[in-house]
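Trainee: Structure incoming, see below.
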Amino acid sequence: MQKISFLDQIAKNKRNSIFLTIFVVAFVAAIVYLIIRLLFPGLALIFLALALAIMISHAYISYNYGDRIILKAVHAKPADPVQHAYLINTVEGLSIAAGVPTPKVYVMEDDEINAFTCGKDPKHASITVTTGALKNLNRTELEGVVGHEMSHIANYDVRFMTLVAVLVGLIAILSYMLLRSYRFVREEEREKGIGLLIVVGFLLAIFAPIASRLVQAMISRRREYLADAGGAQLTRYPEGLASALEKIKNINQGKMKVSESISHLFISDPAHTALDDIFATHPPLTKRIEILRAM
Amino acid sequence: METIWWIALAIVGIIVLIVLICIYYINRIRVLSNRIDNAWAQIDVQLKKRADLVPNLVETVRGYMKHEQKAIDMVTKARERMLSAGDKKEKIAAGAGLAAALKTIFALAENYPNLKASDNFRMLQEELDGIESKVAYARQFYNDSVLSYNNLITTIPGRWFAGGRAQHPYFEIAEAERAPVKVSF
């Protein structure tokens, strides 16, 4: 039974990745079209074609190089085979247990305990661990954390989450641009029946970032529970991850300097923001620990 | 006239369905059997890596542990047995023997602070610890693969397509590996 639900998850993640990409490409093209309609009404169609072309190449780049963009953004460095032998061995061991190719291993400089994974599929995935995690976690705890990430990789969460990170960031930027563009519209044009467009534009600009955050929160909370369970199944020792999460709860300050658009990738929320109270991207740690301990 | 065509169509449909089901099960058995082979290859790689580290370890340890020639010989012999092992069963037994011999060396090393402090030794210990857990994980994956395969060929309808294939044996932990290490001081 376990295997079947796992296959279901893979299929679902692949399907969701396609839907997300089509949705974002269409959505952004529509926003660009609106902006151009406001500024240069005559050129709208040409720009629409141009926007579509750019968005499709953007989606292509996101799909193939999204992981590199993310790794660069957090200044992750490849793990050193001597200094981080212990981490590399753990990742290799769990990739054997999960039956997936060994992902690349990165380390990022940060005192907080955290880890994330990104990439387009298990063959091109990577796992990044903070120096804080290496310093504070013992072997079974690190295995628990890596097991959680390995389970994201094995069930293709990694593809969907990487795409969300790279594509959703773009929506926020474009919505902001649309909001600003209103100022450049000439007085007489505002009255020429484009009032409706402006209203739509405004609504989009205000609600798009909130909606994208909501999507981010919705997709990631359930996934975290599933990855906790999957990780425990790989290590056959739920207490390892439970104890790691306990340390995260006690040691982390929630002050990592990473962009909002990638916060859902991490095993525990890297930075606590005001939006978290409404749309938390992660389930509460106490709840996760409780579930793991009950396994 | 019309009804005859419908009946013919239904028969053809049923035949196609049966053929598809046959193909599915025959392929499924093949895929799961290949997965077991692949899982075994993973174990084999780790066992070989461990054997390859032994000469290096012996070289490092020899200078410090002058009075432990017996334990060192034991490891060297266990390695030779490992390398000459032929089938799965022999390899599993030899692997367990080597693991036990290595455990003795590391237990004895506790008495040699200089050895324990040496970088080379620490690296080797980390490497061997890593291999130890990889062997355990590879065994877990192997046994999971064997379980799916055995389930498929022993339950209906999978067993109709198995053609009397035997169940795969699990990779059991050898007695030697379960027993605590005996060290005499």
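The values are calculated or read from the model by the stated rules, or taken from the named source; none is laboratory data. Please read all numbers here as calculations on a predicted model, not as lab measurements. Here the Cβ is made from the backbone with ideal geometry for all residues, glycine too, and neighbour counts use every protein chain on show. Protein only, heavy atoms only, side chains kept; ligands, DNA and RNA dropped before computing areas. Shrake-Rupley method; radii C 1.70, N 1.55, O 1.52, S 1.80 Å.
Trainee: For the range B:125-176, which trypsin sites (Lys or Arg not before Pro) are in a loop by DSSP, counting at most 16 other Cβ atoms within 10 Å?
Mentor: Details: sites: B:Lys134, B:Arg139, B:Arg159, B:Arg165; in loops: B:Arg165.
Within the range B:125-176, the qualifying trypsin sites (Lys or Arg not before Pro) (loop, at most 16 other Cβ atoms within 10 Å) are B:Arg165.
Trainee: Still on this structure, I have one more. Dipole magnitude of the range B:3-86 about its Cα centre, charges +1 at Lys/Arg Cβ and -1 at Asp/Glu Cβ only, in debye to the nearest 20?
Mentor: Working: 12 positive and 7 negative charges, 39 e Å.
About 180 debye.
Trainee: Tell me, what is a quarter of the convex hull surface for the C-alpha atoms of the protein assembly as shown, in nm² with one decimal? Please report the intermediate quantities before stating the final value.
Mentor: Numbers: hull surface 132.9 nm².
Taking a quarter of the hull surface, the average projection is 33.2 nm².
Trainee: I've got another one for you. State, as an integer percentage, the relative contact order of the range A:51-127 based on alpha-carbon contacts under 8 Å between residues 6 or more apart. Kindly include the intermediate steps, with their values, before the conclusion.
Mentor: Values: 67 pairs, mean separation 24.5, N = 77.
RCO, the range A:51-127: 32 percent.
Trainee: Once you charge only the Cβ atoms, +1 for Lys and Arg and -1 for Asp and Glu, what is the size of the charge dipole of the protein assembly as shown about its Cα centre, to the nearest 20 debye?
Mentor: Values: 55 positive and 46 negative charges, 122 e Å.
Its charge dipole is roughly 580 debye.
Trainee: Over the range A:96-152, what is the relative contact order in percent, taking alpha-carbon pairs closer than 8 angstrom and at least six residues apart?
Mentor: Values: 82 pairs, mean separation 19.8, N = 57.
The normalised contact order for the range A:96-152 reaches 35 percent.
Trainee: Over 23 Å between C-alpha atoms is what I'm after, so list which of A:Lys104/B:Lys134; B:Lys89/B:Lys116; A:Lys104/A:Lys249; A:Lys14/A:Lys123; B:Lys89/B:Lys134; A:Lys77/A:Lys249 land there. Each step should come with its number before you reach the end.
Mentor: Numbers: A:Lys104/B:Lys134 17 Å; B:Lys89/B:Lys116 34 Å; A:Lys104/A:Lys249 27 Å; A:Lys14/A:Lys123 15 Å; B:Lys89/B:Lys134 19 Å; A:Lys77/A:Lys249 26 Å.
Exceeds cut-off: B:Lys89/B:Lys116; A:Lys104/A:Lys249; A:Lys77/A:Lys249.
Trainee: Here's something else I'd like to know. Just name one of B:Ala136, B:Ile72, B:Ile4: the one whose Cα is farthest towards the positive end of the charge dipole of the range B:1-147 (beta-carbon charges, Lys/Arg +1, Asp/Glu -1).
Mentor: The residue sitting most towards the positive pole is B:Ile72.
Trainee: Give the accessible area for A:Val105 in Å² (nearest 10); use a 1.4 Å probe, count only protein heavy atoms, and leave out ligands, DNA and RNA.
Mentor: 20 Å²
Trainee: Probe radius 1.4 Å, ligands and nucleic acids ignored: give me the carbon and sulfur share of the accessible area of the protein assembly as shown as a rounded percent.
Mentor: Of all accessible area on the protein assembly as shown, carbon and sulfur atoms account for 63 percent.
Trainee: Would you kindly work out the equivalent ellipsoid of the range A:49-159 from its C-alpha gyration tensor and give its semi-axes, the square roots of five times the eigenvalues, largest first in whole Å?
Mentor: Values: eigenvalues 156, 50, 22 Å².
After diagonalising the Cα gyration tensor, the semi-axes are 28, 16, 11 Å.
Trainee: Could you check what % of the DSSP bridge pairs in the range A:1-155 are antiparallel, to the nearest 5? Walk me through the intermediate numbers first.
Mentor: Values: 6 of 11 bridges.
Bridges in the range A:1-155 that DSSP calls antiparallel: roughly 55 percent.
Trainee: Same structure again: Using helices alone, I'd like the mean residue ellipticity at 222 nm for chain B: each DSSP H run of four-plus residues gives -39500 (n - 2.57), total over residue count, nearest 500. Intermediate values should be presented prior to the final figure.
Mentor: Details: 7 runs with 148 residues, N = 185.
-28000 deg cm²/dmol, from helical runs alone.
Trainee: Ordering A:Tyr63, A:Tyr237, B:Tyr112 from largest to smallest accessible area (1.4 angstrom probe), what's the sequence? Don't skip to the end; give the middle numbers.
Mentor: Working: A:Tyr63 80, A:Tyr237 110, B:Tyr112 40 Å².
Largest accessible area first, the residues go A:Tyr237, A:Tyr63, B:Tyr112.
Trainee: Choose one of A:Val25, A:Ala11, A:Ile113: the residue whose Cα lies farthest towards the positive end of the charge dipole of the range A:8-150 (beta-carbon charges +1 Lys, Arg; -1 Asp, Glu; about the Cα centre).
Mentor: Working it through, the farthest residue towards the positive pole turns out to be A:Val25.
Trainee: Under a GNM of chain B (C-alpha, springs under 10 Å), which listed residue has the highest mean-square fluctuation: B:Lys88, B:Lys48, B:Lys66?
Mentor: B:Lys66
Trainee: Tally Lys and Arg at +1 and Asp and Glu at -1 over the other residues with C-beta under 14 Å from the C-beta of A:Ser243: what net charge comes out? Walk me through the numbers before you get to the answer.
Mentor: On the way: positive: A:Arg139, A:Lys247, A:Lys249, A:Arg288, A:Arg293; negative: A:Glu141, A:Glu143, A:Asp228, A:Glu239, A:Glu246, A:Glu290.
Residues close to A:Ser243 contribute a combined charge of -1.
Trainee: Check each of the GluC sites (Glu not before Pro) in the range A:34-116 and keep only those in coil by DSSP with at most 16 other C-beta atoms within 10 angstrom; list them in order. Display every interim value, and only then the final one.
Mentor: Numbers: sites: A:Glu92, A:Glu109, A:Glu112; in loops: A:Glu109, A:Glu112.
Sparse-neighbourhood loop GluC sites (Glu not before Pro): A:Glu109.
Trainee: Taking each residue in A:94-104, count the Cβ atoms of any other chain within 10 Å of its Cβ, then average. What number comes out?
Mentor: Working: counts 3, 4, 15, 10, 3, 10, 0, 0, 0, 0, 0.
That average works out to 4.
Trainee: Here is a follow-up. Calculate, in nm to one decimal, what A:Ser57 and A:Glu109 gain on full extension: separation in residues at 0.36 nm each, minus their alpha carbon distance. Let's see the in-between values first.
Mentor: On the way: separation 52, 0.36 × 52 = 18.72 nm, distance 3.20 nm.
Length gained between A:Ser57 and A:Glu109: 15.5 nm.
Trainee: Quick one: of the DSSP bridges fully inside the protein assembly as shown, what percent are antiparallel, nearest 5? Kindly include the intermediate steps, with their values, before the conclusion.
Mentor: Details: 8 of 13 bridges.
The antiparallel proportion sits near 60 percent.
Trainee: About the Cα centre, and with charges only on the beta carbon of Lys, Arg (+1) and Asp, Glu (-1), how big is the dipole of the range A:96-161? Nearest 20 debye, please. Let's see the in-between values first.
Mentor: Working: 6 positive and 9 negative charges, 71 e Å.
That gives a dipole near 340 debye.
Trainee: Right, something else. What is the projected area of the convex hull of the Cα atoms of chain B, averaged over all directions, in nm²? Numbers along the way, then the final one.
Mentor: Numbers: hull surface 54.5 nm².
For chain B, the mean projected area of the Cα convex hull comes to 13.6 nm².
Trainee: Moving on. Evaluate the relative contact order of chain B (contact order divided by residue number), counting alpha-carbon pairs under 8 angstrom at least 6 apart; express in whole percent. Intermediate values should be presented prior to the final figure.
Mentor: Working: 127 pairs, mean separation 56.0, N = 185.
After rounding, I find 30 percent.
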